[in-house]
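What follows is one structure encoded as structure tokens, with my remarks underneath.
Just so it is clear, none of the values below were taken in a lab; they were calculated from the coordinates. Here the structure is a predicted model, which is why all the values come from computation and not from measurement. Quick reminder, even Gly has a Cβ in these numbers, built from the backbone with ideal geometry, and neighbours come from all protein chains shown.
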Amino acid sequence: MPNPSLLLVGPIIVSAIVLLIRRWNIAASIIGAIAVWIFAASILLLAPNQTTISEIGSGSLWTLLGYTFVYQDFISIALAFIYIIIGFVFLLTLVVPQDDSFVGISLLILPPLTASLIMEPFSVGAIFFIIVGSVSAVLIQGRRPGSTLGSFRHLTLIILAVPLD
């Protein structure tokens, strides 16, 4: 993988495709599962070039808009694990029906989650973690305008969980 742009832009493109075909829940779930498993395979099989920096440790570094993305082995394993689990969740939507935009919005959670794990310094990555919390609150809310308590509690706990460095 030459840079993390595959993980930061790829799920957004797949999400746009899935949101276009969201009326067909089976196709959207299968396309979402296959896409996240391809991303997980690219994380595990296409190892980035290793460089050594004394301050950060061993891993690959990229910069975007002056911020550094650190892609280390334990982060790649954690990201692959998250992507594989989300693929199984998408397949579970075939058995347990969800809202028609569930797969598309779940795919939109993956890029900021990836950025929050690989962004240095962590205070900037924490901003992406708050974005993950707000998008997942929208996912919890669904299309039920009257029941906001669960999503509001979730968003509050996510914001309180972010460390203030």
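Numbers at a glance
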{"read-out": "Segment Leu44-Ile75, extension gain: residue separation times 0.36 nm, minus the distance between their alpha carbons", "value": "10.1 nm"}
{"read-out": "Förster-model FRET efficiency, 22 Å R0, Arg23 and Arg153, C-beta, rounded to 0.05", "value": "0.10"}
{"read-out": "Spin-label pair Ile85/Asp99, simplified geometry with 7 Å Cα→Cβ offset, distance in nm", "value": "2.2"}
{"read-out": "Cα-based Rg of segment 1-44 normalised by 2.2 N^0.38 Å, two decimals", "value": "1.21"}
{"read-out": "Using a Förster distance of 35 Å, the FRET efficiency for Ile12-Leu160 (Cβ separation, nearest 0.05)", "value": "0.80"}
